[in-house]
Amino acid sequence: MTDKIAIIGFGNIAEAIITPLLDKKLIQPENVYCVVNSKRSLENIKNNYKYDVKVYESSSQDSNIIWDCQVKLLSVKPQQLKYIIEPENIKIKDNLLVSILAGVSLDRISQKFPNHKCVRAVTNIPITVGKGLTGIAWGEKITKDQKQFTKKLFENSSKLYEFSEDYLDTFLALTSSGPAIIALIIEALSDGGLSGGLPKILSEELVMEMVLGTISLIKEKKLTTSELRNLVTSPGGTTISALRALEKNSVRSALIESIVSASNRSKEFR
Ligand SMILES: NC(=O)c1ccc[n+]([C@@H]2O[C@H](COP(=O)([O-])OP(=O)(O)OC[C@H]3O[C@@H](n4cnc5c(N)ncnc54)[C@H](OP(=O)(O)O)[C@@H]3O)[C@@H](O)[C@H]2O)c1
């Protein structure tokens, strides 16, 4: 495969994926060809992005150069997909297109880009701080080299999981909607602290540190979640009282439903 890579839609997530590769010199800035929609984004990348990548406005003739890149990362918003048109005569062979469009199926992508082998990846917002989770579903006839390149794209900013596409909706619900669910839980617990008289900022800080500490404990001591619960739930104590209040309000069931609902919604987008 060639070293050139085209980024169709150089927005927040594409930047988070590409920057660590440039930082580690796994790709060279002169080999990165980006397309954006507006002059404003083009100027912003030219003036503020730390690497001197090539960047084009989608309406310019010059932007057609991306079709000469064997590898493409498709990272426009799903509703912008209709504006990306594969030219009829593509000179380059063995093209790879990796789509990160939420909820857009491999089938749709493959039909839209018939001269490409396609991969669908679902990633999440913590990728912007190098702590993402990425689920990958391979399209048909992907070569070993193309798999290797796709993994290289994501593994510097996220942990990788390979799935059949059937599982990607649930993966998306857990990992992409998950941060919003966790943020809501943190917010609600902080409000509990606030109700008890703690200042808001302190309350939020305590909750976040507690969450981080809990995860570290589970991981380092290799505990199951129920072992951890038993560890801190003494007979007639405060924790069982807290857990009882949660069960009484069907919080567990509401959380299960939140994932099922997000997953079903993702299926509707296909
Ligand atoms: N945000 C998330 O949490 C998240 C997580 C996982 C996956 N995703 C997926 O990642 C994709 C990108 O999301 P994002 O948050 O990075 O969006 P974004 O920041 O809005 O980036 C979209 C990029 O596409 C460009 N663009 C728009 N129309 C175009 C066209 N016709 N040709 C070429 N480029 C065009 C935009 O340029 P302008 O700036 O000039 O409009 C922008 O650079 C989405 O499909 C989303 O589903 C997002």
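A simple packing score, the average count of other Cβ atoms within 10 Å per residue, orders the peptides 118-128, 200-210, 230-240 as 118-128, 200-210, 230-240, with the highest score first.
Among the listed pairs Lys144/Lys222; Lys131/Lys222; Lys152/Lys219; Lys24/Lys267; Lys50/Lys200, give every one whose C-alpha distance is greater than 30 Å. Among Lys144/Lys222; Lys131/Lys222; Lys152/Lys219; Lys24/Lys267; Lys50/Lys200, the Cα-Cα distance tops 30 Å for Lys144/Lys222; Lys24/Lys267; Lys50/Lys200.
GNM on the chain, alpha-carbon springs under 10 angstrom: the most fluctuating residue among Leu168, Leu26, Leu96 is Leu26.
Couplings 3J(HN,Hα) for segment 27-35, derived from phi with the Karplus relation 6.51 cos²θ - 1.76 cosθ + 1.60 (θ = phi - 60°), are 9, 9, x, 5, 9, 9, 10, 9, 10 Hz, where x marks Gly and Pro. Computed over segment 163-263, the quotient of the alpha carbon radius of gyration and 2.2 N^0.38 Å is 1.23. Annotation for segment 131-199 versus segment 215-249: alpha-carbon center distance of 25 Å. Using only the Cα atoms of segment 1-126, each taken as one equal point scatterer with no solvent, compute I(q) by the Debye sum, divide by I(0), and report log10 of the ratio at q = 0.15, 0.17, 0.19 Å⁻¹. Summing over Cα pairs of segment 1-126 leads to -0.66, -0.87, -1.11.
Which residue fluctuates the most in the chain, going by a Gaussian network model with Cα springs under 10 Å, if the choices are Asn249, Asn37, Asn156? Of Asn249, Asn37, Asn156, the Gaussian network model singles out Asn249 as fluctuating most.
Normalised by 2.2 N^0.38 Å, with N the number of residues, the alpha-carbon radius of gyration of the chain equals 1.20. What angle do you read, to the nearest 10 degrees and between 0 and 90, between the alpha-carbon axis of helix 178-195 and the longest principal axis of the chain? Between helix and principal axis, roughly 30 degrees. Compared with the dominant principal axis of the Cα atoms in the chain, helix 144-155 is inclined by about 50°. Only DSSP H runs of four or more residues enter the estimate; each adds -39500 (n - 2.57), and after division by the residues of the chain the mean residue ellipticity at 222 nm equals -14500 deg cm²/dmol.
Values quoted throughout were computed directly from the atomic coordinates according to the rules given, and no laboratory measurement underlies them. Remember, it's a predicted structure, so these values are computed and weren't measured experimentally. Every residue, glycine as well, gets a Cβ built from its backbone with ideal geometry; the counts of neighbours run over all protein chains shown.
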